[in-house]
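Working notes, beginning with the structure itself.
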There are 2 protein chains.
Amino acid sequence: MLKLALTKGRIEEKSIEKLALCGYNVEELSDKGRKLLFLCPHPEAETLQIVLAKANDVITYVEHGTCDIGIVGRDTIMEMGGDFYELLDLGFGKCRFALAGLKGKQFYKGFGHRIIATKYPNVTNRYFEAQDTECEIVKIDGSVELAPVLGLADAIVDIVETGSTLKENGLEIYEEIAPISARLIVNNASLKMKNESVGDFIDRLSQVIG
Amino acid sequence: MLKLALTKGRIEEKSIEKLALCGYNVEELSDKGRKLLFLCPHPEAETLQIVLAKANDVITYVEHGTCDIGIVGRDTIMEMGGDFYELLDLGFGKCRFALAGLKGKQFYKGFGHRIIATKYPNVTNRYFEAQDTECEIVKIDGSVELAPVLGLADAIVDIVETGSTLKENGLEIYEEIAPISARLIVNNASLKMKNESVGDFIDRLSQVIG
């Protein structure tokens, strides 16, 4: 049995769609109530045990070997890092990291102490370091787009998909930082010990993405 | 205007109930869609501006002075700490921190390397340090109760309300760590600069709790 940690939310549905295209029986998974653990059998391949988890936890599960493979956004990989293999760009769950703030504020033309609110302090820190610009980072857990509205921060670094959340809050993108999409990650030991079934899974998945 | 950061979820509804009892017009708040910002007027007191936020962010908002006051669980205060006044035990949102794990495992009678999964690494660390017991802490973001089931951890430290989530996953409480309830916190500067309206708010709230 192969254990797969799958990120809940934004990339979950698309992942299930691809697994169905690979021939996995995802019936139980599509019909979930509050369950988080599922078995997805396949007529020819090893059964998948799927754990639905938050993005950070997908990486934790894969790093610790609780799961052999994981599907998670590049945003979380960039923020958390960790010791695992990133083997496949799944091509869906596309969005990007962006620096954004109140419309018309001309962030880069201002001077002085800047406060940036973000769920991604490591990504933000690296971005500003690379630009040799100092800023204070405030870690926010949810609804980062409120921070400039409430006056907590001068700007935010967040993932942006359609941009409608920014627009609703009177914000605009100042600069794009990095593209993001869903990635397949594999536990180091599993890649060696379960080489054949991991390889087989990757082959099947590769054929339905693109 | 007084700005109040209110924790979304578990203690939100009870807080709104108490604010209504205090005479605030919470109509808009009770009827929310995806909005996170609300105005609650009062016939005799200062209008409240309410921001719905995640627990950690309530503390961030109050610490930075984005909000004057906050309502947040003692679990988050114990984990995050911070520079603010904790002025009132609101008496609702009661639960407790507990050490839990698979039923019948007799955690304390075992030996060797122990792994504890938790959303609260600081609380967990202090608890085990006080017992002079070494353990490895794995930070988990959601569904901590799965960690012993999946074999990631020997036990978890989490908040427990009714215990039904533990039961559903075949877990039991090994030890209770600390009682929890919702608390009123106040920004340091606001307590001085807005002393009268903060005091008035606390008086009104005090009369409807207990």
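The values are calculated or read from the model by the stated rules, or taken from the named source; none is laboratory data. Here the structure is a predicted model, which is why all the values come from computation and not from measurement. Every residue, glycine among them, receives a Cβ derived from its backbone with ideal geometry; neighbour counts consider all protein chains shown. These accessible areas exclude ligands, DNA and RNA; they are computed on the full protein's heavy atoms, side chains included. Shrake-Rupley method; radii C 1.70, N 1.55, O 1.52, S 1.80 Å.
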Practice problem: List the helices (runs of 4 or more DSSP H) that sit entirely inside region B:137-196 and contain at least 1 residues that are more than 25 Å from A:Lys3 (Cα to Cα) and either without any contact (Cβ under 8 Å) to a residue 60 or more places away in the chain or out of contact with any helix residue (DSSP H, G or I) (no Cβ under 8 Å at 6 or more places or on another chain) (or both). | Solution: B:164-168, B:188-193
Quiz item: Which number in (1) over 18 Å from B:Gly142 (Cβ atoms); (2) in contact with a helix residue (DSSP H, G or I) (Cβ under 8 Å, 6 or more places away or on another chain) marks the one condition that A:Phe38 misses?
Solution: (1)
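Each row is one residue, and each column tells you yes or no for (1) within 14 Å of another protein chain (Cβ to nearest Cβ); (2) under 23 Å from A:Ala5 (Cα atoms); (3) at pLDDT below 95.
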{"site": "A:Ile50", "(1), (2), (3)": "yes, yes, no"}
{"site": "A:Ala53", "(1), (2), (3)": "yes, yes, no"}
{"site": "A:Val58", "(1), (2), (3)": "yes, yes, no"}
{"site": "A:Gly65", "(1), (2), (3)": "yes, yes, no"}
{"site": "A:Arg74", "(1), (2), (3)": "no, yes, no"}
{"site": "A:His113", "(1), (2), (3)": "yes, no, yes"}
Quiz item: How many of the residues making up region A:76-106 are of a type outside the set (Gly, Ala, Ser), more than 13 Å from A:Val186 (Cα to Cα), open to solvent by less than 30 Å² (accessible area, probe 1.4 Å) and away from every other protein chain (no Cβ under 14 Å)?
Solution: 5
Quiz prompt | In region B:18-48, residue nearest to the other protein chains (Cβ to nearest Cβ) [restricted to those that are without any contact (Cβ under 8 Å) to a residue 40 or more places away in the chain and among the small types (Gly, Ala, Ser)] | solution = B:Gly33
Exercise. May I ask you to verify whether B:Val123 is over 16 Å from A:Glu63 (Cα atoms) and either within 21 Å of the chain's Cα centre (by Cα) or open to solvent by 10 Å² or more (accessible area, probe 1.4 Å) (or both)?
Key: yes
Practice problem: Might you let me know whether region B:133-156 holds any residue that is crowded, with 21+ Cβ neighbours inside 10 Å, away from every other protein chain (no Cβ under 14 Å), over 24 Å from B:Thr60 (Cβ atoms) and of a type in the set (Gly, Ala, Ser)? | Solution: yes
Quiz item: Which number in (1) away from chain B (no Cβ under 14 Å); (2) at pLDDT 95 or above; (3) open to solvent by 30 Å² or more (accessible area, probe 1.4 Å); (4) in contact with a strand residue (DSSP E or B) (Cβ under 9 Å, 6 or more places away or on another chain) marks the one condition that A:Ile209 misses?
Solution: (2)
